[in-house]
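Here's the structure, in structure tokens; my notes come after.
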Amino acid sequence: MTVPVKEIPAPRATPARPFDDVLRQVNRTRIAHGADPLFELPTACTAWDGGGCVLERAFEDLGVLIVDYRSAYGRGFEFEHGLGDFIREFDAGRYPQLLAAR
């Protein structure tokens, strides 16, 4: 009696992690400014909870106080970050998992 051979399906591609590209870009900026890379994006808080957008928190050890769609600003410096698309999507509510739980 012949035992039928069961086919094993090919492994699925690893699902894309939506923040990998953003984290790479954040880390390139951090390294260029002398800071260690991050392992994950920090969570954001509302102004009621002390404020701090994701990128403000990612760059706070660089002295960044404000991040807009194109640049980050601190006391006496600014730099362009190139993360405007991510910020627009975040502001549109696409990444609720990056908000700190209350």
Identity of the residue in region 57-86, open to solvent by 20 Å² or more (accessible area, probe 1.4 Å) and in a helix (DSSP H, G or I), that ends up farthest from Ala35 (Cα to Cα): Asp85
Single condition Asn27 does not satisfy, out of (1) of a type outside the set (Lys, Arg); (2) modelled with pLDDT of 90 or more; (3) in contact with a Cys (Cβ under 9 Å, 6 or more places away or on another chain): (3)
Residues of region 37-56 classified as within 10 Å of the chain's Cα centre (by Cα) and either among the polar types (S, T, N, Q) or in a helix (DSSP H, G or I) (or both), total: 3
Please specify each residue of region 46-73 satisfying the condition of being in contact with a Gly (Cβ under 6 Å, 6 or more places away or on another chain) and aliphatic (A, V, I, L, M). Val64, Leu65
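The values are calculated or read from the model by the stated rules, or taken from the named source; none is laboratory data. Only a predicted model underlies this, so the values are computations on that prediction, with no experimental measurement involved. A quick note on method: Cβ atoms are made from the backbone with ideal geometry, for glycine too, and the neighbour counts reach across all protein chains shown. Surface accessibility is based on the protein's heavy atoms, side chains included, excluding ligands, DNA and RNA. Shrake-Rupley method; radii C 1.70, N 1.55, O 1.52, S 1.80 Å.
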